[in-house]
Every structure is written in C-alpha cells, then in structure tokens.
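Notes follow the structure.
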Amino acid sequence: MGMSRKGNAEAPQRSCLGCRTSRDKNLLIRFVLTPEMEIMPDLESRLPGRGAYTCINKNCVAAAIEQRQFKRSFKHDLSVMPSGQLVEHIRQQLHARIIGLIGLANKAGLITSGGSMVIDALRDKKKPGLIIVATDVSGAIGDKIVNAAAANHVPHRTAVSKDDFGLILGKAPRSAVAVAPGGFVVQLINAIDRYKNFLGEV
C-alpha cells in the first residue's frame, strides 16, 4: 500500500512508526515534541517543529510507544504518556472535531435533525449532502434512514450518540442529522472516517 502512485507523486510520504508502512503524509497522524519534551499529537498538522508519524490507527500508536519509536525518531529522552492514555487522548480529540464541525454547521443553519425530518429531507428535491446517524440509534430507525440515504445517493456515516446530537443542537436526543451540501460535508466525512479508522472500525 504505500509507495505513491503515478500522478500522486507530489504528496509527501512518511513512514508510520508503528507498522513502518509508507503513506501520504495527510493519511497519518503527526506528533510533535513540546518544549517540555512531551509527545503531542498534532491532528491538524499546524504545530511547528519536526514531526513523527503513525497511521490513523490506535494499534500503530500503541506499537510506536511500546517499541520506543518516538525516542528513536526525535533522538531525545522524552516523556510519552502510557499507550492507553495517549490513544484515549487522540480518540477524544478526533471525537471533539466531529462534534465541533456539527456545531458549526448547525450555527450556519445547515443541519436538519430528527429521524422523520431527515427522511423528509432525503425525499426533498434539494437533497442533503450528508446524513449522520447516531451510534446508538435503534436498528429499525437506523436501517430506515440508511436505506433512504442509499436510495437517494446521499452519503451517510455513523458517528456520535443521540445524546451528543441533542447537546450540540440544544435539543432532545436525536437519532440522525442531515447536513446541507457544501464545505462542511467533506470536512465531516473526513473527520468521521479518521475517527473510525483510528478505532479500527473501518
């Protein structure tokens, strides 16, 4: 899987510290060293300094810690959280990114919420750009929404709980939301897929 294909040669490649696979840099998690000599995930790839990388997968993060690869990579005696703690820290950040994006899309008036409202939105001429179904939705409702999305060729993802949706939207728990077409759709699909990849659910 690793070497760049023709036409994609310009994407910089990095090697995962956990499994040693080479991938495009943007398909990996970047880690940096803080001034306090601690390893810090840089999920948006914005922090200055040298980076070290792992796959977006909790097993690769754990392997990199257990094999002391961060120390080798940064050539420093540094402190790394125990693997379980760092994995949970990254999981929370990836999860918070999804919540934050749904909140921003909601503020922009781009969210329709609730199972029946989402199904109505899918039947509308102006289709949503993305359907997000709650992780803890009942099977029958979830299937109905997913089937309606598939029938209307609208991408769907499963992420966050009914209570999370309720909290973000300031409403009672919701089984699903529809996101209007636009920039948030690509960002949300990317954020949800990274989260699922990280948990090994893809």
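Things to note:
- Residues that are of a type in the set (Gly, Ala, Ser) and either on the phi < 0 side of the Ramachandran plot or assigned to a helix (DSSP H, G or I) (or both), drawn from the stretch 92-118: ALA96, GLY100, GLY103, ALA105, ALA108, SER113, GLY115, SER116
- If the condition is being closer than 13 Å to LYS58 by Cβ and either aliphatic (A, V, I, L, M) or touching a His at 6+ places or on another chain (Cβ under 9 Å) (or both), then the stretch 82-120 contributes LEU86, VAL87, ILE90, LEU94.
- Being buried (at least 19 other Cβ atoms within 10 Å of the Cβ) and over 19 Å from PHE165 (Cβ atoms) is a property that holds for ALA63.
- Scope the stretch 22-49; condition part of a loop (DSSP other than H, G, I, E, B), without any contact (Cβ under 8 Å) to a residue 24 or more places away in the chain and either surrounded by 14 or more Cβ atoms within 10 Å (Cβ to Cβ) or among the hydrophobic types (A, V, I, L, M, F, W, C) (or both); matching residues: ASP42, LEU47
- One residue from HIS89, HIS76 being out of contact with any helix residue (DSSP H, G or I) (no Cβ under 7 Å at 6 or more places or on another chain), outside any helix (DSSP H, G or I) and surrounded by fewer than 17 Cβ atoms within 10 Å (Cβ to Cβ): HIS76
- Residue in the stretch 157-169 that is farther than 18 Å from VAL185 by Cβ and either modelled with pLDDT under 95 or not assigned by TED's automatic domain parsing to the domain that holds ALA191 (or both) present: no
- Within the stretch 137-189, the only residue that satisfies the criterion of being on the phi > 0 side of the Ramachandran plot and touching a Lys or Arg at 6+ places or on another chain (Cβ under 9 Å) is HIS153.
- Residues in the stretch 115-156 that are more than 20 Å from ILE189 (Cβ to Cβ) and touching a strand residue (DSSP E or B) at 6+ places or on another chain (Cβ under 7 Å): GLY115 only.
- Residue-level check: of (1) touching a residue at least 24 places away in the same chain (Cβ under 8 Å); (2) surrounded by fewer than 18 Cβ atoms within 10 Å (Cβ to Cβ); (3) among the polar types (S, T, N, Q), THR54 misses just (2).
- Within the stretch 60-71, residues that are polar (S, T, N, Q) have Cβ atoms under 9 Å from residues that are assigned to a helix (DSSP H, G or I) in these pairs: GLN69/ALA63, counting only partners at least 6 apart in sequence or on another chain.
- Filter pass, ARG157 being under 22 Å from the mean Cα position of the chain (by Cα), among the basic types (Lys, Arg) and part of a strand (DSSP E or B): yes
- Selection status of ARG174, under 27 Å from ARG30 (Cα atoms), surrounded by 13 or more Cβ atoms within 10 Å (Cβ to Cβ) and charged (D, E, K, R): no
- Whichever residue in the stretch 127-144 is without any contact (Cβ under 8 Å) to a residue 40 or more places away in the chain, not in a helix (DSSP H, G or I) and not acidic (Asp, Glu) and, among such residues, is farthest from ALA178 (Cα to Cα): SER138
The values are calculated or read from the model by the stated rules, or taken from the named source; none is laboratory data. Remember, it's a predicted structure, so these values are computed and weren't measured experimentally. Don't worry about glycine lacking a Cβ; one is built from the backbone with ideal geometry, like all the others, and counts go over all protein chains shown.
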